[in-house]
Amino acid sequence: MIYDKPIAELIERRFSCRTYADQPIAAQTQQRLRERMTSLGAGPFGTPLRFELVAATEQDRAALKGLGTYGFIRGAAGFIVGAVGRGAKDFEDYGYAMEALILAATELDLGTCWLGGTFTRSSFAEKIHASSEEHMPAVASIGRVANPEQARRGLLRRLTQAESRLSWEILFFDQEFGTPLVRESAGRFAPVLDLVRLAPSGSNKQPWRIVKDGETWHFYIERTPGYGKGLATRLLGSKSEAFPDIQRIDLGIAICHFDLASREIGVMGTWVVEDPTLGGPLTEYVASFVV
Ligand SMILES: Cc1cc2nc3c(=O)[nH]c(=O)nc-3n(C[C@H](O)[C@H](O)[C@H](O)COP(=O)(O)O)c2cc1C
């Protein structure tokens with residue numbers, strides 16, 4: 001997706017907005033967002049997907065809790081809902097594409113919040129006529145930010161308060177896990193990695209781990225013990241079966257930030273799935289960016 005503003009600006013401005021101005025989105029803005037949605041037919045790993053912008057009803061707002069989402073969403077004008085076909089990298093593709101739309105919404109001065117849960121059999125699935133062959137692992141609330149001044153102050157706090165994100169030495173590695181990547185060795189990719197660090201993730205767990213291997217960057221999940229299925233079972237009981245793999249969505253989001261930011265520094269890489277077998281028992285290989 002092409003943006004008018006620098007991608008760093010959009011990534012830095014995005015935050016999880018949970019309180020909205022309770023006003024509809026202007027028709028022209030809706031139109032621009034819908035155009036962005038129709039331009040997305042598949043993720044970087046080729047899974048077909050589609051999105052729609054729907055208006056929020058009172059029932060939708062109330063239904064969210066029963067679907068495994070957390071946090072209280074107030075006054076959202078609508079939701080971005082999407083459906084993805086089944087494939088080896090379906091959740092990663094969904095994470096990538098939805099985040100690309102969220103950044104487009106940010107460019108249009110709208111607030112958004114990712115909401116992960118079991119949407120496949122909900123009223124949200126009816127709105128997009130999801131078939132049994134499709135997953136709906138997350139939606140995003142969307143609307144005008146209730147208090148832009150507070151959002152601006154929040155941005156400053158987020159950018160200066162490093163503790164809301166894990167440090168470089170926990171996230172990024174040089175050639176092998178165990179050797180943290182220092183900024184100088186990241187070279188022109190250092191600002192790209194800074195933008196990966198600002199990616200949203202379910203419960204802010206930041207499960208992304210990246211190993212630099214020459215010009216190639218390998219992406220892994222470090223799973224959070226007790227998160228995902230364990231959490232879903234606690235929240236949803238028997239309905240937890242359909243709970244999506246949120247941490248694979250998180251990886252798709254990190255891959256989106258890396259992809260868009262590297263394009264902006266003029267690097268056009270490709271994504272391949274060829275496990276270099278560098279991972280340890282704690283990590284799961286996802287994909288590599290090859291220049
Ligand atoms: C896949 C996914 C699912 C999420 N689900 C929820 C949710 O159900 N409720 C919520 O309030 N926030 C949700 N979030 C937002 C995260 O809590 C948020 O991204 C994280 O705490 C970092 O904060 P920030 O987005 O403001 O940078 C989700 C984020 C992701 C990526």
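Where a number appears in this text, it was derived from the coordinates with a stated rule and is not lab data. Please read all numbers here as calculations on a predicted model, not as lab measurements. As a convention, Cβ positions derive from the backbone with ideal geometry for all residues, glycine included, and neighbour counts pool all protein chains shown.
Peptides 270-277, 217-224 ranked from most to least packed, by the mean per-residue count of other Cβ atoms within 10 Å: 217-224, 270-277.
Need one number: the % of Cα-Cα pairs in the stretch 7-149 sitting beyond the 18 Å mark. Of the Cα pairs, 53 percent sit more than 18 Å apart.
How long are the three semi-axes of the equivalent ellipsoid of the stretch 1-85, in whole Å, if each is the root of 5 times an eigenvalue of the C-alpha gyration tensor, listed from largest down? In descending order the semi-axes read 23, 18, 15 Å.
Over all pairs of different C-alpha atoms, the chain has a mean inverse distance whose reciprocal, the Kirkwood radius, equals 19.3 Å. With contributions of -39500 (n - 2.57) from each DSSP H run of at least four residues, the per-residue ellipticity at 222 nm computed over the chain stands at -10500 deg cm²/dmol.
What does the charge count around SER141 come to, taking other residues whose C-beta lies under 10 Å from its C-beta (Lys +1, Arg +1, Asp -1, Glu -1)? Neighbourhood net charge equals +2. The GluC sites (Glu not before Pro) of the stretch 45-140 that meet both conditions, a loop assignment by DSSP and at most 14 other Cβ atoms within 10 Å of the site Cβ, are GLU133. Taking chymotrypsin sites (Phe, Trp or Tyr not before Pro) across the stretch 1-79, the ones in a DSSP loop with at most 14 further Cβ atoms lying within 10 angstrom of their Cβ are TYR70, PHE72. Restricting the calculation to Cα atoms, the stretch 45-114 yields a radius of gyration followed by a Dmax of 13.2, 36 Å. Shown in residue order for the stretch 271-278 are the 3J(HN,Hα) couplings computed by the Karplus curve 6.51 cos²θ - 1.76 cosθ + 1.60 at θ = phi - 60°: 9, 10, 10, 9, 4, x, 6, 9 Hz (x for Gly and Pro).
Net charge in the neighbourhood of GLN206 (other residues with Cβ under 10 Å of its Cβ; Lys, Arg +1, Asp, Glu -1) is +2.
Computed over neighbours whose Cβ is under 14 Å from that of ILE128, the net charge equals -1, Lys and Arg +1, Asp and Glu -1. Listed by chain and number, the aspartates and glutamates whose alpha-carbon sits under 15 Å from that of LYS89, ignoring those within fewer than 8 places in the same chain, are GLU133, GLU134, ASP245, ASP250, GLU274, ASP275, GLU284.
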